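Student: First the structure, which I've put down as structure tokens, then a few questions once you've had a look.
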Number of protein chains: 2
Amino acid sequence: MRRLRDVGEHRWLDQLTARLARRPSGGRVAVGPGDDAAVVHPGRRPLLLTTDTLVEDVHFRRGWTTPAALGRRAFAVNASDLAAMGGVPVVALLALEAPGRVAVAELDAIVTGFARALARAGGSLVGGNVAAGPHLAITVLLAGEAPGRVVTRAGARAGDVVYVTGTLGAAGLAVSRLRARHRGRLAEPPIRVDAGRRLATVASAMIDVSDGLVQDLGHLCRASGVGAALSLDRLPVAPAVRRALGAGAAAFAARSGEDYELLFTVPRRRARALGRLVPRLGCRVTPLGRMVAGRPVVRVADGDGRTRVLERGGFDHFRA
Amino acid sequence: MRRLRDVGEHRWLDQLTARLARRPSGGRVAVGPGDDAAVVHPGRRPLLLTTDTLVEDVHFRRGWTTPAALGRRAFAVNASDLAAMGGVPVVALLALEAPGRVAVAELDAIVTGFARALARAGGSLVGGNVAAGPHLAITVLLAGEAPGRVVTRAGARAGDVVYVTGTLGAAGLAVSRLRARHRGRLAEPPIRVDAGRRLATVASAMIDVSDGLVQDLGHLCRASGVGAALSLDRLPVAPAVRRALGAGAAAFAARSGEDYELLFTVPRRRARALGRLVPRLGCRVTPLGRMVAGRPVVRVADGDGRTRVLERGGFDHFRA
């Protein structure tokens, strides 16, 4: 097995750069990987920039996923941020931290998994960096553009309906099973780039569900300066979560992270426009409740008609 | 002392975002920190993108520098990559990895040091991420533009003269002293953004000296498909290195990394144009030798007239 320390940083990067150079890149790339910086022809549309990191033993363990799936995941979690603004990927940089003992084949598979997922979404890998570190960490810089409107977290108004794409809870259930039994695989996040671009034509605000529905809706409430009122029994709970947790499934799904679905609000006057979009989104869309005037908190009604105020709750890197 | 795990990821980011929002940002920023992605108005010039990471106990130790200087360094090493293409910073993202035990004040100082150095160079911090990790790691994504020509590593031709800005070896000497005696401070890298922008009007190829002069000139040779012939006794060795190492100073300075000076080639016909630029660069410029036809290797003549071929040599993360 060839390890990174046997090959060396520069030789590995030279080989990788040569391989990447053979991939077709969009006409936007003037200078790709291998120089001091990448050079990209400017577009006419707003430039969107986001970054997210996957850290070994924090966001994943090596046995939980294949290297190629880890690369795809690194793309997916960043693409999800662009999708939540109505943006599509254009170019990306990949900054890796890795110990010298890592197999070159593993790093190659991570980069290839990332680059292929990016290419399928219309983007090109134009550069990056590799640094020595005690563990594997994958930081992505994803640059994109909004083909139409840019949707922030701040546009929701009282009366708007709150929706979410897909289903919730499956990713969190998989992680809790992996932690308990060390068996199974991390769920592959959905790619909602096309859905996000279309939803941007009708949404007043949008965010992706990475830290859990309640917490991410809380972010949207604070940015928009309005509250939200949801019914727990409306939540599109993933079937595996219902089977596993029964009556507690919806409460789990409301706080469970890493689903990477889109949570968005739509003014009533655009409800019919949303209805026309839904068949083309490639995923279900479920109304959860409404935005309400007042404190920017999330009120959740459970099945028995009791309502609780949830200010925080969900994933935080530094809190239990 | 408030630690990150006491405050939590989201509350720290909320406070940081509020503070950053009070800083003036260029008119180019439509959506700054705090949403899913930053939104930047497009420019008409080529977009330059680069990333580099500082990893604790690899690139720095906590006692070697202050948190603010570490933030400035994270900016400087990335700005150096842009400068080497003739680019100037526009916006940046900052991706941090940190253990929960880190003091909030330390992270704040890193971010502030970074944001101030970026602002002095005309750029704005528009977003980022913080993830839990076993140690501190700072990954910067720097996006810039080239006001004029973009200069790659690939444009050098036989006959071009090789130059370097500033002096060499001081950063490497400081690191070797810190490793041996654990005393002193990391040198603050120079910011050559303005020099790089001006040099781009005359240079045929350019690279920054991060891994050592010989190694970085080797990268430039391979990209350009020509060799280089240098005289070791022409090297602008830093005075501290001459004092410390005497006769061995130039050989040390030729392989020593982290000086972040600009290494560039100029066709003879532009020698006079370079001469007119030099007084405005804010640093000295020293001719080291010439590019020569043939194999893309670096030939170095020492003071005794002996010539050696150096194909590699200098810093590699994964090799001794």
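Read-outs throughout are calculated quantities, based only on the coordinates presented, and are distinct from any laboratory measurement. Since we're looking at a predicted model, the values are computed, not measured. Methodologically, a virtual Cβ is constructed for each residue, glycine included, from the backbone with ideal geometry; neighbour enumeration extends over all protein chains shown.
Student: If I model a spin label as a point 7 Å beyond the Cα along the Cα-Cβ vector, how far apart are those points for A:Met1 and A:Asp233 in nm?
Tutor: Spacing of the two 7 Å Cα→Cβ label points: 5.3 nm.
Student: Next question, about the same structure. Normalised by the number of residues in the range A:161-310, what is the relative contact order in percent for Cα pairs under 8 Å and 6+ residues apart?
Tutor: Details: 297 pairs, mean separation 63.5, N = 150.
The normalised contact order for the range A:161-310 reaches 42 percent.
Student: Right, something else. What is the average number of partner chain Cβ atoms found within 10 Å of a Cβ in A:292-305?
Tutor: Partner-chain Cβ atoms within 10 Å, mean over residues of A:292-305: 0.
Student: Taking every residue in A:79-91, how many Cβ atoms of other protein chains lie within 10 Å of its Cβ, on average? Walk me through the numbers on the way to the answer.
Tutor: Values: counts 0, 1, 5, 2, 2, 3, 6, 1, 3, 0, 0, 1, 2.
Per residue, the average neighbour count from other chains is 2.
Student: Based on the Cα coordinates of the protein assembly as shown, what is the per residue volume of their convex hull in Å³?
Tutor: 152 Å³
Student: Arrange the following residues from fewest to most other Cβ atoms within 10 Å of their Cβ: A:Phe264, A:Phe60, A:Phe114.
Tutor: Starting with the residue having the fewest Cβ neighbours, the order is A:Phe60, A:Phe114, A:Phe264.
Student: Is it possible to state the helix-based mean residue ellipticity at 222 nm for chain A, with each DSSP H run of 4+ residues giving -39500 (n - 2.57), the sum divided by total residues, to the nearest 500 deg cm²/dmol? What is it?
Tutor: Per the formula, -9500 deg cm²/dmol.
Student: Need one word for the range B:1-158: rounded, prolate or oblate. Basis is the Cα gyration tensor (sqrt eigenvalues a ≥ b ≥ c); a/c below 1.5 gives rounded, then a/b vs b/c decides.
Tutor: Verdict is oblate for the range B:1-158.
Student: Which of B:Ser256, A:Ser124 has the fewest other C-beta atoms within 10 Å, and how do the rest follow up to the most? Could you put the intermediate results ahead of the total?
Tutor: Working: B:Ser256 28, A:Ser124 23.
Least to most surrounded, the residues fall as A:Ser124, B:Ser256.
Student: Then there's this: I need to check one value: relative contact order of the range B:4-145, counting alpha carbon pairs closer than 8 Å and at least 6 residues apart, in percent.
Tutor: Relative contact order, the range B:4-145: 36 percent.
Student: So how strong a dipole does chain B carry about its Cα centre when Lys and Arg Cβ are +1 and Asp and Glu Cβ are -1, to the nearest 20 debye?
Tutor: Numbers: 47 positive and 27 negative charges, 225 e Å.
For this selection, approximately 1080 debye.
Student: Could you give the size of the charge dipole of the protein assembly as shown about its Cα centre, using +1 on the Cβ of each K and R and -1 on the Cβ of each D and E, expressed in debye and rounded to the nearest 20?
Tutor: Computed charge dipole of the protein assembly as shown: roughly 880 debye.
Student: Below 8 Å, C-alpha to C-alpha, sequence gap of six or more: please give me the relative contact order for chain A in percent.
Tutor: Normalised by residue count, the contact order of chain A is 21 percent.
Student: Further, regarding this structure: About its Cα centre, what dipole magnitude does the range B:4-145 give when the only charges are +1 on Lys and Arg Cβ and -1 on Asp and Glu Cβ, stated in debye to the nearest 20? Before the final figure, lay out the partial values.
Tutor: On the way: 15 positive and 13 negative charges, 104 e Å.
So the magnitude is around 500 debye.
Student: Which of B:Ser80, B:Ser176 has the fewest other C-beta atoms within 10 Å, and how do the rest follow up to the most?
Tutor: Starting with the residue having the fewest Cβ neighbours, the order is B:Ser176, B:Ser80.
Student: In nm, give the distance between the simple-model label positions of A:Arg243 and B:Ala240, each being 7 Å from the Cα along the Cα-to-Cβ direction.
Tutor: It is 6.5 nm.
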